[in-house]
Amino acid sequence: MKKSFIYTIIPAFVLLLMAVCSCNKDFLEKPKGGAVTVDTIFHTKNQAQYAVAQMYNLCITTYFPMNDPYQCRPEAITDELYILHPTYDWACSSINAGPYNTGNESPDASIDKGGYGGHYKGIRQANLVYKNIDAVTDADPTWISDVKGQALFCRAWQHFELFRLYGGIPLVTEPLDGTQQLNIRRSAVATVVDSIVDWCDRAATLLPPTRSPQDYGKVTSLAARALKARVLLYAASPLYNTPADMKSAITQARYGDARDSVLAYPDYNKERWNLAAQASLDVINHATQSGVALYNTGHPKTTGDTYATLGDYEAVSNVYANSELILVNTANQASSDFFWGTYLSSKLRLASWGVKNNVPVEFMQQYEKADGSKWSLPASGTDFPTDVQALDLDPRFYQTVAYDGMHYNGIRGTLAYYKGGDGYADGNLSSSDAGVDGYAMETYKFVARIDNMNDNHFAWPIFRLAEFYLSYAEAINEYSGPTAQATQYLNLIRERAGMPDKHPAGQLDFRKAIQNERTIEFAYEGFRYNDLNRWLEANKVLNGTLHGVVTTAKKVGGALKRSWEQVSFINRVFPVKYYYVPFPNNEVSKNYLGDGADWNGQNPGW
């Protein structure tokens, strides 16, 4: 399939569009005097397409490091990843991972990658497209309706991105006039969720079920259903739909009065789980119409470094436009936008200077053994690659995590993370700006390995079908317990991975099983932060020490062995107030978020 990079179309005309339609000092306002130019932009279909492309650029962003030396993988603020602190804090300054991980996040140094105002830039662009697309003179009604559906989706997506970070936020459905006084308060969680769901429903009726190869990456009706399902799953979860027995865990992140409506629903309602289940089932039921299906060829294990030898799980991230993908951001490391991304996505990507994305032992232990049993890593061992293989873990581990002594491909050969010893020099992947560390594991998901390390086959997944199998199973369990259908969809994902079926007997056991399955299936895809938060598990998982493995070269019987030991990485701190990201101080000071009198609208504890 010929790739269509709809997110990277930025000729001079789009730069003009940005100047006319982008944000000035107040990001919720439109610059004055731009109406004539906007009318010109939306006069013909050809010109309007640039406005649509810019809407995608601003709204459907990738979570992967791009052409910015201050971006890193989003997992750096979870237990999935450790970026050397404080040496490489600069590499994660876009999400302020260093301050965040040590309990020092602040309103002006939060984890919101694009910045609070960045979301509203995308929302304004979506509103401009939605409001003005009818003015295009040479487009047929079907095309105009399609674009309106895309604009509604983009508006909904960026409001969801705000919601998952801040809770209730100002809802903006018009491109605001710069002459108006800004007076948009935070809406209640119930209102935000209902609004996003409504926009998704409307978008689904306007969008086509499939796209041509030339339009791959544009949203479809199935993508609109997928966003609705994700929103409703989050809304049903304990962070927002808090059961009585979990309220004490979140008390420090609540106001304790009526203002809590912007943080959660007033009362727990089990029916929200039913709504979430039905929305995920709706995605599953419409998947065939959109040509979407779980990628499962019956090959769970990777046996080489070619397309033909990929395990199905690894193939989902490596086979471009495969059947499981519902929506992707088509920008990737092969484009110029990823110049810095090649250095930040892994140390092994270039086997020279680069940020090492270390995998903590705590996350490694989330993977079960191949027989489905739990295990724990010993404190030390005599040869790391031998010991890792002997663990016989879930095949997804070996398709996700690179480790010292692993054969990567014909170009990199056997990976050398070890510190020198017994006459052996330091391995070529052993060091960082802080010196030789010998840290022995890092993720290679979305790092080129096959086809001569060709980056062209990657695209960042916004939605893939596996998510809704597990979301349906999770929601049904919370609503009705571990039914046969819930168990079926859990095991369809496990079977694809080559793992044995599970049949948890009770709701609590099933909950643990589904949470672990999501952790593994969506590792390094941007899910972990959101899942830990919505489950109210983050303050348990992210308070404490993360550990790593250091390997050292040893000569045993004339051969190189990699002796290893566990070491401490970082002491993580997660205050309860972290469950909601703080609004920037400059926005709080404008006094539009709260009631305009006694309450400035800032989240509790900040």
ask   = open to solvent by 60 Å² or more (accessible area, probe 1.4 Å), out of contact with any Phe, Trp or Tyr (no Cβ under 8 Å at 6 or more places or on another chain) and either of a type outside the set (K, R) or closer than 20 Å to V581 by Cα (or both) - does that describe any residue in segment 219-234?
value = no
Failed criterion for A188 (all others in (1) buried (at least 24 other Cβ atoms within 10 Å of the Cβ); (2) out of contact with any Leu (no Cβ under 8 Å at 6 or more places or on another chain); (3) of a type outside the set (K, R) hold) = (1)
query = Does D433 qualify as being open to solvent by 30 Å² or more (accessible area, probe 1.4 Å) and over 24 Å from V388 (Cα atoms)?
reply = yes
inquiry  = Every residue in segment 104-146 that is over 30 Å from V576 (Cα atoms), acidic (D, E) and open to solvent by 60 Å² or more (accessible area, probe 1.4 Å), please.
reply    = D134, D138, D140
ask   = Quick check: anything in segment 270-283 more than 30 Å from P69 (Cα to Cα), open to solvent by 10 Å² or more (accessible area, probe 1.4 Å) and part of a loop (DSSP other than H, G, I, E, B)?
value = yes
task = Inspect segment 252-263 for any residue being under 22 Å from the mean Cα position of the chain (by Cα) and open to solvent by less than 40 Å² (accessible area, probe 1.4 Å) and give the result as yes or no.
result = yes
inquiry  = Here's a check for you: in segment 567-577, which residue that is open to solvent by 50 Å² or more (accessible area, probe 1.4 Å) and not in a helix (DSSP H, G or I) is nearest to E362 (Cα to Cα)?
reply    = S568
key: helices (runs of 4 or more DSSP H) contained entirely in segment 1-84, each with at least 3 residues that are aromatic (F, W, Y), modelled with pLDDT of 95 or more and touching a strand residue (DSSP E or B) at 6+ places or on another chain (Cβ under 8 Å)   = none
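Among the candidates A331, A370, which residue alone is of a type in the set (G, A, S), closer than 30 Å to I284 by Cβ and modelled with pLDDT under 95?
Unique residue meeting the criteria: A331.
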remark   = The one condition V388 fails out of (1) at pLDDT below 95; (2) more than 17 Å from Y88 (Cβ to Cβ) is (1)
inquiry  = Looking only at segment 74-99, how many residues end up being open to solvent by less than 10 Å² (accessible area, probe 1.4 Å), out of contact with any His (no Cβ under 7 Å at 6 or more places or on another chain) and small (G, A, S)?
reply    = 3
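The values are calculated or read from the model by the stated rules, or taken from the named source; none is laboratory data. Only a predicted model underlies this, so the values are computations on that prediction, with no experimental measurement involved. Every residue, glycine among them, receives a Cβ derived from its backbone with ideal geometry; neighbour counts consider all protein chains shown. All accessible areas refer to the heavy atoms of the entire protein, side chains included, with ligands and DNA or RNA removed. Shrake-Rupley method; radii C 1.70, N 1.55, O 1.52, S 1.80 Å.
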